[in-house]
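S.K.: Okay, handing you the structure first.
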Amino acid sequence: MRRNVLILGLLSVGLLAGWCGHALAPSPAKPRPVEARGALYEWEKIQVQRFKEAAPSVVYITTTEERARDFFGLDVVEVPAGSGTGFIWDAEGHVVTNFHVIQGAARAFITLADGSRHEAAYVGGAPDKDLAVLLMTKTPPRLRPIPLGASADLQVGQAVLAIGNPFGLDQTLTTGVVSALGREIQSVTQRRISGVIQTDAAINPGNSGGPLLDSAGRLVGVNTAIQSPSGASAGIGFAVPVDTVNRVVPQLIARGKLERADLGFEPVAPRLVERAFGPQKGVMVGKVYRGGPAARAGLQGVGAEGRRVLPGDLIQAVNGKAIEDWDSLLDAIEALPLGGSAQLDIQREGRRMRVPVRLEAARE
């Protein structure tokens, strides 16, 4: 009996081993054949080509800041401060980026598309516009400035491409459309930036300062901000329009700052205007500086008659374009050339008047 059980057991083990050996035997499987892709669609070809053309003009910016190592030793060391994107403006090595990318930095370094790293000097900035210019201390050969387009004729629905370094991942392309025009965002100085482009092209931390391109590969904006509770792209990004960039950057290169007109008066805060005179649309002149453009034009500030407060001139339009507040007045004035004049539509004691004011550069 025990002998029969032993024989049956050996037979079972043999059969099991044979079955396992057959199941685990190498399969003669081969890779599946690849199906032909065919030609790319025309819109794909365009995007690929635009990226290839623009990528050499886009740079990666890293910054460091100085910190004291300890309280007693006061040894100063440099530590990484942040990173962002920029683009080559000209063959001399000027690079444009957002002001907030380099704000507070002790040193800045630019990494080109070929991987080479170059130290850069700060040339100038316009915090109100969130724009800044750096200059590579040693100009590399064969720099490719980015082609410029226009933002005034952009249309909602128009295709756009964003190139940048989100989360430090270099040379990343995202695509989308112009979602809206004429938006307003706040700069680092809390001054409004007007005429901003809204896009649904994915923009994430690290994209700041990078180019927003149209389908022809031309710069139409500088990516500057996202609107998202999490800080990551949620389909709403903003870019400073290239028409503003092309006006500001040459001034930063030439003078290190944005030269603006000074009208020679201080406005009255809107809440004080409303409290004293009721709701008003426009900018009320408060204090007029002696010898300034406003004084020479005859503008009148807030005054007093006994215990009664007299309103100052209420500026309601510049060259026929309505304004509502101080930011919109500054935007209108900044768009005009220095040395010329502006026609201010004002309200004085219930009467409408037009007053010419000469635009002079602000004094330091």
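The values are calculated or read from the model by the stated rules, or taken from the named source; none is laboratory data. None of these values were measured; they are calculated from a predicted model. A quick note on method: Cβ atoms are made from the backbone with ideal geometry, for glycine too, and the neighbour counts reach across all protein chains shown. To get the accessible areas, we keep the full protein, side chains included, count just its heavy atoms, and leave off ligands, DNA and RNA. Shrake-Rupley method; radii C 1.70, N 1.55, O 1.52, S 1.80 Å.
S.K.: Given the criterion basic (Lys, Arg), touching a strand residue (DSSP E or B) at 6+ places or on another chain (Cβ under 8 Å) and in contact (Cβ under 8 Å) with a residue 24 or more places away in the chain, identify the matching residue among 358, 354.
M.R.: Exactly one of 358, 354 is basic (Lys, Arg), touching a strand residue (DSSP E or B) at 6+ places or on another chain (Cβ under 8 Å) and in contact (Cβ under 8 Å) with a residue 24 or more places away in the chain, namely 358.
S.K.: Of the residues that sit in the stretch 128-142 and are open to solvent by less than 40 Å² (accessible area, probe 1.4 Å) and not small (Gly, Ala, Ser), which one is farthest from residue 239 (Cα to Cα)?
M.R.: In this case the residue turns out to be 140.
S.K.: Continuing with the same structure: Considering the stretch 144-153 alone, what residues qualify as being open to solvent by less than 60 Å² (accessible area, probe 1.4 Å), of a type in the set (A, V, I, L, M, F, W, C) and modelled with pLDDT under 95?
M.R.: Matches in the stretch 144-153: 150 only.
S.K.: A further question on this structure: Scan the stretch 102-133 for residues that are in a strand (DSSP E or B), touching a Ser or Thr at 6+ places or on another chain (Cβ under 6 Å) and either in contact (Cβ under 8 Å) with a residue 40 or more places away in the chain or under 25 Å from residue 191 (Cβ atoms) (or both) and jot them down.
M.R.: Hits for the stretch 102-133 are 107, 108, 109, 132.
One line per residue, one yes/no per condition, for (1) touching a residue at least 60 places away in the same chain (Cβ under 8 Å); (2) β-branched (Val, Ile, Thr):
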{"site": "236", "(1), (2)": "no, yes"}
{"site": "254", "(1), (2)": "no, no"}
{"site": "261", "(1), (2)": "yes, no"}
{"site": "273", "(1), (2)": "no, yes"}
{"site": "279", "(1), (2)": "no, no"}
{"site": "284", "(1), (2)": "no, no"}
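S.K.: Follow-up. Tell me, which residue of the stretch 274-316 that is of a type in the set (A, V, I, L, M, F, W, C) and open to solvent by 70 Å² or more (accessible area, probe 1.4 Å) is nearest to the chain's Cα centre (by Cα)?
M.R.: 309
S.K.: Name the single residue that is surrounded by the most Cβ atoms within 10 Å (Cβ to Cβ) among those in the stretch 177-203 being in contact with a strand residue (DSSP E or B) (Cβ under 7 Å, 6 or more places away or on another chain) and in a loop (DSSP other than H, G, I, E, B).
M.R.: Looking at residues that are in contact with a strand residue (DSSP E or B) (Cβ under 7 Å, 6 or more places away or on another chain) and in a loop (DSSP other than H, G, I, E, B), I get 203.
S.K.: Between 34, 79, 59, 48, which is modelled with pLDDT of 90 or more and touching a strand residue (DSSP E or B) at 6+ places or on another chain (Cβ under 8 Å)?
M.R.: 59
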